[in-house]
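All remarks here apply to the structure that follows.
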Amino acid sequence: MKVMKDYKLMAVGQIVADCFDYAKVFNKYGIDFCCNGDVSLADACGKMGIDADCLLEELKLSLIHISEPT
């Protein structure tokens with residue numbers, strides 16, 4: 001299972017580069033990780049009115065879902 005890094009201050013583009021599956025979560029919330037990928041997760045969440053801790057939890061849950069056997 002992939003270990004969760006401290007993503008709160010990392011740029012969203014770096015986060016998706018670390019685990020492309022996170023792109024689905026960012027797309028769900030309208031967070032642009034491509035053209036505006038140099039924005040920190042905290043700033044991107046603030047701009048979209050999203051609680052960063054809730055988004056981090058959703059990223060964590062997406063890892064659990066990905067790693068579950070089918």
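The figures follow:
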read-out: Solvent-accessible heavy-atom area per residue, rounded to whole Å², over the chain at 1.4 Å; value: 65
read-out: Taking all pairs of distinct alpha-carbon atoms in the chain, Kirkwood radius in angstrom; value: 12.0
read-out: Pairwise label distance in nanometres, Asn27 with Cys54, each label 7 Å out on the Cα-Cβ vector; value: 2.2
read-out: Carbon plus sulfur fraction of accessible area for the chain, probe 1.4 Å, in percent; value: 57
read-out: Computed [θ] at 222 nm, deg cm²/dmol, the chain (DSSP H ≥ 4; -39,500 (n - 2.57); rounded to nearest 500); value: -15500 deg cm²/dmol
read-out: Reachable lysines, given that their alpha-carbon falls under 17 Å from the alpha-carbon of Lys8 and they are not under 8 places away in the same chain; value: Lys47, Lys60
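The values are calculated or read from the model by the stated rules, or taken from the named source; none is laboratory data. Remember, it's a predicted structure, so these values are computed and weren't measured experimentally. FYI the Cβ positions are ideal-geometry reconstructions off the backbone, even for glycines, and counts take in every protein chain you see. SASA here: full protein model, heavy atoms, side chains in, ligands and nucleic acids out. Shrake-Rupley method; radii C 1.70, N 1.55, O 1.52, S 1.80 Å.
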